[in-house]
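The block underneath contains the structure these notes are about, expressed in structure tokens.
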Amino acid sequence: MVDTAALADHVREHRSGMAVDLAFAVVWVAVVTALFRGLGSPRWAYHLALAGGVVAYYGFFGSLEGVRGRGDGS
């Protein structure tokens, strides 16, 4: 059974992060779909590119954290 109060607290705490995650996913899928439809590529390449979104997500947000951690002292 789902504890709705705990779920509501979790969503309230992580609202902006969840919105950014959703926006990244929607943009990634839209770009990959548009690109691969235009190229007429094989289905396995399309699915591989979609799965590559996981690597792209962690790479992109990991690099942002690295830049934020460095600060202005560079």
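Some observations on this one:
- Backbone amide hydrogens, once placed in the peptide plane, bring SER41 within less than 5 Å of nothing, excluding anything fewer than 5 places away on its chain.
- Apportionment of accessible area to carbon and sulfur, the stretch 11-59, percent (1.4 Å): 72
- Rolling a 1.4 Å probe across the protein heavy atoms gives the chain an accessible surface of 82 Å² per residue.
- Estimated D of the chain in µm² per second, where Rh is the Kirkwood radius over Cα pairs and Stokes-Einstein applies at 4 °C, 1.567 mPa s: 86
- Surface calculation, 1.4 Å probe, protein heavy atoms: VAL26 sits at approximately 90 Å² accessible.
- Estimated from helical segments only, the mean residue ellipticity of the chain at 222 nm is -29500 deg cm²/dmol, where each DSSP H run of four or more residues counts as -39500 (n - 2.57).
The values are calculated or read from the model by the stated rules, or taken from the named source; none is laboratory data. For clarity, every value in this text was computed on a predicted model and none was experimentally measured. These area figures cover heavy atoms from the full protein model, side chains too; ligands, DNA and RNA do not enter into them. Shrake-Rupley method; radii C 1.70, N 1.55, O 1.52, S 1.80 Å.
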